[in-house]
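The values are calculated or read from the model by the stated rules, or taken from the named source; none is laboratory data. It should be emphasised that the depicted structure is a prediction, and the values quoted were computed from it without experimental measurement. Cβ atoms come from the backbone with ideal geometry, glycine included; neighbour counts cover every protein chain shown. Each accessible area value is taken on the protein alone, full model and side chains, heavy atoms only, with ligands, DNA and RNA left out. Shrake-Rupley method; radii C 1.70, N 1.55, O 1.52, S 1.80 Å.
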Amino acid sequence: MISILIPVYNYSIVNLGNELLMQKNKLDVPCEIIFFDDCSTNEKIKKENQLFCKNNNIAYHVSKKNLGRAEARNSLAELARYEWLLFMDSDVFPVRQDYLKKFILSISPTGQVYTGNILYRRDVSENYKNNLRWKYGIKYEENCIKNDNRSKYLYLKSANLMVRKKTFKHNFFPVLKYNYGYEDTMLGLSLEEKGVKLEIIHNPVYHDGLETSQVFLNKTEEAIRNLAELIREENNLCKRIKIIKLYYLLKKLNCVKYVKYLFEKNRNSMKKKLLSENSDVRIFQLYKFGYLCYLLAL
């Protein structure tokens with residue numbers, strides 16, 4: 001019935017694994033859990049994960065090389081036995097105690113793809129509340145669907161996604177040039193173009209694995225480099241993404257070089273602000289767009 005597929009990289013899966021086991025044991029349908037270690041470098045965590053899975057009869061595959069998020073998920077799909085593929089991230093945790101059951105009950109005969117939303121815990125320390133990743137998640141990721149009239153396909157979340165296996169076989173996660181960023185968005189847009197049905201259900205997970213502001217900023221730059229590559233390749237699907245729409249508008253107005261100039265002039269001060277305790281997600285949005293223009297201005 002359902003294969004739960006979770007890529008892992010230097011993160012403990014014990015808490016999530018215990019929760020999924022508890023929920024799995026309450027189901028009356030076949031269910032498997034598969035973890036895919038994407039060549040973790042933290043041997044201590046990897047051994048703890050392997051021991052947990054061995055003791056609980058859970059599959060734990062270890063890649064000999066780092067594949068990146070998209071290829072790791074595609075590899076997991078190849079390992080799956082059942083009709084429905086539930087993709088999660090190793091650093092999320094179900095909000096509901098009937099999380100798995102909720103997905104199963106949502107399935108309709110014509111259903112193809114279901115995605116849930118991402119939430120961020122409020123009962124966190126003050127250090128977390130100063131974290132850029134936490135602030136961005138609450139401001140933009142939690143509210144993106146209900147506050148936006150754009151296509152729901154833009155908000156497909158690979159951390160909380162269930163796909164019919166025969167549908168996924170024709171719609172793998174796209175492998176972009178850089179390992180992090182926008183592969184789930186591009187998958188969503190591809191599904192929309194092909195007319196694949198997507199349903200958003202209220203079945204959230206908490207995103208618990210919040211990296212430091214510096215790591216998040218580094219990952220964001222990597223994601224923006226993916227967007228720059230898509231633009232260079234003249235990928236038509238990516239033109240649906242808001243930041244790329246804005247880029248093409250400024251390009252038409254011959255303003256990209258000017259934005260690049262402003263970005264170069266203010267980049268260090270913006271980074272300093274983003275990495276401080278008073279980080280501002282509005283500055284973060286400006287930083288992302290400025291960096292895109294910086295990469296693309298001729």
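When you look at residue 71, is it touching a strand residue (DSSP E or B) at 6+ places or on another chain (Cβ under 7 Å), open to solvent by 30 Å² or more (accessible area, probe 1.4 Å) and acidic (Asp, Glu), yes or no? So residue 71 does not fit the description; no.
Given 52, 36, which one is of a type outside the set (Ser, Thr, Tyr) and in contact with a His (Cβ under 8 Å, 6 or more places away or on another chain)? Show your work before the answer.
Working: 52 fails: in contact with a His (Cβ under 8 Å, 6 or more places away or on another chain).
Every option except 36 fails the conditions.
Each residue in the stretch 1-38 was checked for being in a loop (DSSP other than H, G, I, E, B) and surrounded by 15 or more Cβ atoms within 10 Å (Cβ to Cβ), and 6 of them qualify.
Sort out which residues of the stretch 168-184 are open to solvent by 10 Å² or more (accessible area, probe 1.4 Å) and of a type outside the set (D, E, K, R), and write them in order of number.
Restricting attention to the stretch 168-184, the residues satisfying the condition of being open to solvent by 10 Å² or more (accessible area, probe 1.4 Å) are 169-172, 174-180, 182, 184.
Hits for the stretch 168-184 are 170, 171, 172, 174, 175, 176, 178, 179, 180, 182.
State the number of residues belonging to the stretch 74-96 that are touching an Asp or Glu at 6+ places or on another chain (Cβ under 8 Å) and either more than 29 Å from residue 121 (Cβ to Cβ) or open to solvent by less than 10 Å² (accessible area, probe 1.4 Å) (or both). It would help to see each step written out before you state the result.
Step one: list which residues in the stretch 74-96 are touching an Asp or Glu at 6+ places or on another chain (Cβ under 8 Å), which gives 80-82, 91-94.
Next, only the ones that are either more than 29 Å from residue 121 (Cβ to Cβ) or open to solvent by less than 10 Å² (accessible area, probe 1.4 Å) (or both) stay: 80-82, 92, 94.
Residues flagged as touching an Asp or Glu at 6+ places or on another chain (Cβ under 8 Å) and either more than 29 Å from residue 121 (Cβ to Cβ) or open to solvent by less than 10 Å² (accessible area, probe 1.4 Å) (or both) within the stretch 74-96 amount to 5.
For the criterion of being at pLDDT 95 or above, among the acidic types (Asp, Glu), over 30 Å from residue 111 (Cα atoms) and more than 22 Å from the chain's Cα centre (by Cα), residue 264 passes.
Looking at 114, 82, just one residue is farther than 30 Å from residue 242 by Cα, aromatic (Phe, Trp, Tyr) and not in a helix (DSSP H, G or I), and that residue is 82. Any chance the stretch 119-128 includes a residue that's in contact with a strand residue (DSSP E or B) (Cβ under 9 Å, 6 or more places away or on another chain), hydrophobic (A, V, I, L, M, F, W, C), at pLDDT 90 or above and buried (at least 21 other Cβ atoms within 10 Å of the Cβ)? Among the residues of the stretch 119-128, not one is in contact with a strand residue (DSSP E or B) (Cβ under 9 Å, 6 or more places away or on another chain), hydrophobic (A, V, I, L, M, F, W, C), at pLDDT 90 or above and buried (at least 21 other Cβ atoms within 10 Å of the Cβ), which makes the answer no.
So, in the stretch 145-164, of the ones that are surrounded by 15 or more Cβ atoms within 10 Å (Cβ to Cβ) and of a type in the set (D, E, K, R), which residue ends up modelled with the lowest pLDDT? Checked the stretch 145-164; the qualifying residue modelled with the lowest pLDDT is 152. Of the conditions (1) open to solvent by less than 40 Å² (accessible area, probe 1.4 Å); (2) out of contact with any helix residue (DSSP H, G or I) (no Cβ under 8 Å at 6 or more places or on another chain); (3) part of a loop (DSSP other than H, G, I, E, B), residue 57 fails just one. Which one is it? Status for residue 57: all satisfied but (1).
Residue 207 fulfils the conditions (1) at pLDDT below 95; (2) under 21 Å from residue 99 (Cα atoms); (3) not aromatic (Phe, Trp, Tyr) except for a single criterion, (1). The number of residues in the stretch 278-298 being touching a helix residue (DSSP H, G or I) at 6+ places or on another chain (Cβ under 9 Å), open to solvent by 60 Å² or more (accessible area, probe 1.4 Å) and not in a helix (DSSP H, G or I) comes to 1.
Looking only at residues in the stretch 231-276 that are more than 30 Å from residue 126 (Cα to Cα) and among the hydroxyl-bearing types (Ser, Thr, Tyr), which one is most open to solvent (accessible area, probe 1.4 Å)?
The qualifying residue most open to solvent (accessible area, probe 1.4 Å) is 258.
Checked against the criterion of being over 20 Å from residue 219 (Cβ atoms), free of Cβ contacts under 8 Å to residues at least 24 places away in the same chain and within 22 Å of the chain's Cα centre (by Cα), the stretch 81-100 contains not a single residue that satisfies it. Hey, does the stretch 214-230 have a residue that's open to solvent by 80 Å² or more (accessible area, probe 1.4 Å) and either under 30 Å from residue 11 (Cβ atoms) or part of a helix (DSSP H, G or I) (or both)? For the stretch 214-230, residues open to solvent by 80 Å² or more (accessible area, probe 1.4 Å) and either under 30 Å from residue 11 (Cβ atoms) or part of a helix (DSSP H, G or I) (or both): absent.
Would you say residue 51 is open to solvent by less than 30 Å² (accessible area, probe 1.4 Å) and either without any contact (Cβ under 8 Å) to a residue 24 or more places away in the chain or under 23 Å from residue 203 (Cβ atoms) (or both)? No.
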